Every structure is written in C-alpha cells, then in structure tokens.
Number of protein chains: 2
Amino acid sequence: MDRTCVKNNRNKTKSGENGEKRDGTFHLQNPHLERMDEDVLYHLGLNTTSHNFVEMFGDVKFVCMGGTANRMETFAYYLLDVLGLKLPTGTTLIDISRNSHRYSMYKVGPVLSISHGMGVPSIGILLHEIMKLLKYAKVKDPVLFRIGTCGGIGVEGGTIVISEDAVDGLGSSYFQVPVLGKIVRRPAVFDKELIEELKDCVDPKDSYKTVTGITLCADDFYEGQGRLDGAFCDYTEAEKMEYLHKLKDQGVVNFEMEALVFAALTHHAGIRAADVCVACLDRLKGDQVNTPKDVLYEWQKRPQKLVASYIKKQLEKCECS
Amino acid sequence: MDRTCVKNNRNKTKSGENGEKRDGTFHLQNPHLERMDEDVLYHLGLNTTSHNFVEMFGDVKFVCMGGTANRMETFAYYLLDVLGLKLPTGTTLIDISRNSHRYSMYKVGPVLSISHGMGVPSIGILLHEIMKLLKYAKVKDPVLFRIGTCGGIGVEGGTIVISEDAVDGLGSSYFQVPVLGKIVRRPAVFDKELIEELKDCVDPKDSYKTVTGITLCADDFYEGQGRLDGAFCDYTEAEKMEYLHKLKDQGVVNFEMEALVFAALTHHAGIRAADVCVACLDRLKGDQVNTPKDVLYEWQKRPQKLVASYIKKQLEKCECS
C-alpha cells in the first residue's frame, strides 16, 4: 500500500491557516518544538526518547476519536473486521496509553482509535498531543474524525449528524481561549470536501437518516444545552422550547461538547477533520436520555459504520492506484 | 454513628446563594425536578426508578473527586485502610458507574470516590449529577473534595496546594456559562472554614509543604497555561515568564482545570467544598511533566492522605459526641 496516496485528496482542499508544506506534511506553528531534546506527551503516556514514533506510528493515515474508552476499543475491533486485518496469532489489541490513565488509544493498521473524554478542554489536550505525535511520526496528510453522541434538535434519535459548522453557546463560530491573559480566537472550520466524501459513503439501505447542519458545542450538558433536569434551572419549559426552536431556525441541528476546538485546532494545523455523531434523542421531544441501553448501543455503531466505510474506501483507492 | 453530626460544622458557615433549609439539607434550585417521575443520571449509569438512592447512598457524608479512574480506585482502597473498614468476606469494591463508561464511582462507608475526567465541562456534568444523587438520597450536609494534580507557580513539585479562590484565564472569579444564549455568571467561592479545618489536619512530620493561594482554572493544558510545548505557540519564553511572574505577584499559586466550576456550583447549592491538589512541577522552572512515574505516584498520594485524615477526624468526632 502506498503510504502517501491519501494526500491526493488533501491537495484538492485549501490549506490551513498555517499553510502547508508542499510535500504533504502539515505544519504545527511552534518554533519551540524544534529546540526540545525530548517531548513528553504526558496524557498519552508516550515520550520521544523512549518511544520511536516513526516506527510506531509512521503508517497512520486516520485518527478516530470518541468520548469513551469502551466505544473506541469496540471501534478498533470493528475496524479489524471491516478492513479485513488479522492480528498475529497469540496477540490482541492493547491500550497504548494505558500508563497515562487519561486516554485510551488503540492502533489498527493505519488507524488510531482514541478516547477523548468529555468537553472542549479534554479533547483539546488530546488534539495538542496527537498532532505532535503525528508530526514526530512524520505522518503525511492525516484525516481526523470524531465519532460521537449528541442531542438532536428536530432530529430523531438514531440519526447521524455530520457537522458542517460549529458554534459556541453565544453563536460564535470561533474557538476562544485565554492565552497569557488575553483571548485568542481561532475560526472553527470543518473541511467541506471531506463532508461531501462522507455523504458519498452513506449506505442507501440504511434504516436511518444522515443529515448535516450547524453543531452547537456547549460547555455543559444541562443548563448549557437548555435542559430542565440539571441540578439548577432558572427558566421555564416555554423559554427552553423558544430557545430550541430559535436554534433550529438558525440551522443548528445538534448539541455536543467538542466540535468547536476540534474544528479550530485541526483547521489551524491544516489537517482535514470531520465530526460525525449519532443523536441520542430529539431535544424538541425531551431532555432525558432514557432510550434503552441496547438501542443506544446499536445507534452508537452508526457513525462508526460510516467512518469505517470511508476509511475502507480510501484505502482501497490507494491499493488500486 | 450519628448520621447528622457533621452538620454542626456546616451550621457555623454561611449558607450558599440558594439558602439552606434548617434541617441541614442543601437546596438545588430547580422546580422541574420535583415534577419528574424518573431521573436518569445518564453519565453515572443510575436512575431513580431502578435504583433506591436512599438505600444505596443515604449514609454518604463525603464525596471525593479526582481526574482519573485509577487514582479514585486507589483512593477508595486507601480509605478502607485509613478508616479501618472491612469488606464482607468474598466481596470487593466495584465501580458503581461502570455501565455508563463515563465516570468511575466507588463507595467506602460514608465516602464516595469518583473520577471526573479533565476540564470544567467534564467535572461540571458530574457535579450536576452527583448533587442530584445526594438530594435524592436525602444526604445532609455533604462535604465535597477535589483531589487533583496541578502545575505550581513558584511552588515546588510535590507540594500540596489548597485553593483559597479560583479565577479563570482572564482573572475573573466567576464561572460563566451560556444558558439559553446568554451568559450566566456564578461566583466561584470556596468555604474558608473548611480550608482552615484542612490546614489543621496537616501532619507536621510531612516532608513536603502544604500551601494555600489563588488557583487559575484554565480551559487548556498548553497555551491556556502559558506552556511553550503545545502543538501551537505564538509567544516567546520571555513573554511566558513575564506572565507567570505576574500571576505569582497576584497570589496565584497553581494552574489546574476544574476549580472554577467546582467552587461555583457547590457554593450555589450551599455545599461545602475544597480543592486539594499536588503540584507535578514548578512552572517557573519548566513546562514538561518529566518527573519519574514512581515519584509522581507518591506525590499523588499526598492530597489523598490529607483529605483522608480530615475525613477520619470528622467521623471520630461523630463517634465521640
């Protein structure tokens, strides 16, 4: 398999804010990294002295992230099956980051499957460290996916939602973070072409819909998403419904808690990324996630199926070319 | 043991914003909760229909939270030892929230030990659900602790830092979250008396210091804490050092990523809480967490020892009275 073939797609898209080197590598704008003798990726439990990143991760083409360690382990085994890969006799997958106790990371051929926890800060730390890992491993044109769960807005439970854009709870499409005491704003932009490529992978025989739209990235699950069932609530059901309908009218199709920083940091590095979630419920119909466990479990596989199908298609293209 | 005896301390402190009922129960200001037939605490894997909260959690007096599941399991077994509790023959502790795959929760006598993940949104979800759990279990006057890790500012690695106040990356001591499209601000206030009680539990024979001061609660580990070793960095080492020294002059002693929402939501409910962290390094001396694993592991036990000592003392008071 040609390790560089996936970059052909990449070259068709515009480069990130930092530009992109012509050889297909992405660029992390941090001059200090070049001067470090060692880099400890603390939350991944890896460091550049004791681990050979090129050897361990040089063949990576895709990084898939999701909230729980359990889901990402399941996805890793699912990928083994979909990609037709076999582990050597007497071996099994192992959590590469098990010593960090922060994230869980599995590697299946050219794919990393990693848990990111909940919320912008948690996935933010992972993005910093995984982008450095990819740089040190000399990976070219990686594609990043978030495989998540969300609350739909006018979108039925079980529907797949692909984020076209991400906004915060005030409607801004910038990821804003205080740096040295001043706010730094970075545009949260997803790769439009990648969204189209994903849509092309939708199986017409699916019993559920796949939709696209604006994602509201909240910093809270309860009040921050207009729920009535948190520890605190100072608004009425009517005010909540007015808010949700207003969002719907603005094109917002789902709530989740990571899209903004995921879009902003990948775009800043010139890395293609997409956020693919399944709706656990339609928030126009309620707040509580009380769908039976086995149904939720089946729903969670839907974004996995779509992303795995995309990955398989890309890898087959490489093999044919 | 008298289940209500710990409230004597509570009565000496002023009540939270929502006031406090005279019988010692705290108050969650959400009229909608009373009208719900069932409450699914989704991220804890518990619900009020299939679980008897009073029976399961009615004796809880203390809730201890920390970042990783591993640390909180270790703390649970440590507490068993410190409190001189014995599990029935043939039993072991089990993660009560194992089905949620989000947090890990252990119960040791009157103490819950729970992982909260990383960052404000992650601990925020847990706080909403744990405060509802305590309410449904009819727990009186619970005391909450965060047992964390942090980056010291002019504070040596291995030092315990108890947060007196919490500020965000712009210096505000309010937790701000968009609710229905508008910012809601809640003061982040820790219980001053609890801090003094903790200081009284410091073992003078300890080989390390225990200090108090202002905690900067960041939304990012890298740029948000002025590190030079993230995927991106647009400032110089001199600018970083100027920023860190400015923080030090303002009384900021450490960086972590949860204090603001932890202080704000507990204060809002009228629940006493303290944030006790160990410094993994002194940020005035560097950015990388490259202390050997076994040393870090020993350091992480220090806040556990202090909090366990406080809990033991309080429980002994109850037994004597």
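The values are calculated or read from the model by the stated rules, or taken from the named source; none is laboratory data. The model shown is predicted, which means the values in this text are computed figures rather than measured ones. We place every Cβ from the backbone using ideal geometry, glycine too, and count neighbours over all the protein chains shown. Only protein heavy atoms, including side chains, enter the accessible area calculation; ligands, DNA and RNA are left aside. Shrake-Rupley method; radii C 1.70, N 1.55, O 1.52, S 1.80 Å.
Extension gain for A:Val295 to A:Asn47 (0.36 nm times residue separation, less C-alpha to C-alpha distance): 85.3 nm.
Peptide packing: for B:186-194, A:235-243, B:219-227, the average count of neighbouring Cβ atoms within 10 Å per residue gives the ranking B:219-227, B:186-194, A:235-243, highest mean first. Here region B:227-305 has 53 percent of its accessible surface on carbon and sulfur atoms, given a 1.4 Å probe and all protein chains in place. For chain A, the longest principal axis of the Cα atoms and the long axis of helix A:237-249 meet at an angle of about 50 degrees. In this label model, A:Gln250 and A:Asp206 are separated by 2.6 nm, measuring between points 7 Å along each Cα→Cβ vector.
Using r as the Cβ-Cβ distance of B:Thr236 and A:Ser172, and R0 as 41 Å, what FRET efficiency do you calculate, to the nearest 0.05? Efficiency, from the Cβ-Cβ distance: 0.90.
Comparing A:His128, A:His245, A:His32 in a Gaussian network model of chain A (Cα springs below 10 Å), the most mobile by mean-square fluctuation is A:His32. Only DSSP H runs of four or more residues enter the estimate; each adds -39500 (n - 2.57), and after division by the residues of chain B the mean residue ellipticity at 222 nm equals -10000 deg cm²/dmol.
Placing a label point 7 Å from the Cα of A:Gly171 along the Cα-to-Cβ direction, the distances to the matching points in the other copies come to 3.1 nm, shortest first. A full extension of the chain between B:Arg98 and B:Glu193 corresponds to an added length of 30.7 nm, given 0.36 nm per residue minus the alpha carbon distance. Starting from the label point of A:Ser50 at 7 Å along Cα→Cβ, the same points in the other copies fall at 4.1 nm, in ascending order. The mean accessible area for residues of region B:79-235, using a 1.4 Å probe and ignoring ligands and nucleic acids, is 34 Å² per residue. Per residue of peptide B:157-166, the mean number of Cβ atoms on other chains within 10 Å of the residue Cβ is 0. For the residues of A:39-48, the average number of beta carbons from a partner chain within 10 Å of their own beta carbon is 3.
On a 0 to 90° scale, report how tilted helix B:120-136 is relative to the longest principal axis of chain B, with both axes built from alpha carbons and the result rounded to the nearest 10. Relative to chain B, helix B:120-136 is tipped by roughly 20 degrees. The residues packed around B:Met118, meaning those with a beta-carbon under 14 Å from its beta-carbon, carry a net charge of -3 if Lys and Arg are +1 and Asp and Glu are -1.
For the pairing of chain A with chain B, what total accessible surface becomes buried, with a 1.4 angstrom probe, in square angstrom to the nearest 100? When A and B are taken together, about 6200 Å² of accessible area is lost. Please compute the net charge surrounding B:Lys305, taking Lys and Arg as +1 and Asp and Glu as -1 over other residues with Cβ under 9 Å from its Cβ. That works out to 0.
What is the log10 of I(q)/I(0) for region A:222-321, computed with the Debye formula using one identical point scatterer on each Cα and no solvent, at q = 0.10 Å⁻¹? Reported log10 I(q)/I(0), two decimals: -0.43. Taking a ≥ b ≥ c as the square roots of the eigenvalues of the Cα gyration tensor, an a/c ratio of 1.5 or more together with a/b no larger than b/c marks region A:100-238 as oblate.
I need the fraction of alpha carbon pairs in the protein assembly as shown separated by more than 31 Å, rounded to a whole percent. Percent of Cα pairs beyond 31 Å in the protein assembly as shown: 50. Pairs of Cα atoms nearer than 8 Å and 6+ residues apart set the relative contact order; for region A:35-189 it is 27 percent. Burial annotation for region A:129-143: residues with an accessible-area loss of at least 10 Å² between the isolated chain and the complete set of protein chains, computed on heavy atoms with a 1.4 Å probe, are A:Glu129, A:Met131, A:Lys132. Peptide B:111-120 has a mean shielding of 4, counted as Cβ atoms of other protein chains within 10 Å of each residue's Cβ. Remark: spin-label model distance A:Lys285-B:Lys312 equals 5.4 nm, labels positioned 7 Å along the Cα→Cβ axis. So for chain A, averaging the separation of alpha carbon pairs under 8 Å that are six or more residues apart and normalising by length, what relative contact order in percent results? It comes to 25 percent, rounded to a whole number. Panel values: region A:38-114, Kirkwood radius from alpha carbon pairs, Stokes-Einstein at 25 °C and 0.890 mPa s, translational diffusion coefficient 188 µm²/s. What the Cα atoms of chain B give is an Rg and a Dmax of 19.4, 60 Å. Cα-Cα over 22 Å: which of A:Lys205/A:Lys312; A:Lys135/A:Lys305; B:Lys140/B:Lys317; B:Lys61/B:Lys312; B:Lys140/B:Lys199; A:Lys192/A:Lys246? Violating the 22 Å Cα-Cα cut-off are A:Lys135/A:Lys305; B:Lys140/B:Lys199; A:Lys192/A:Lys246.
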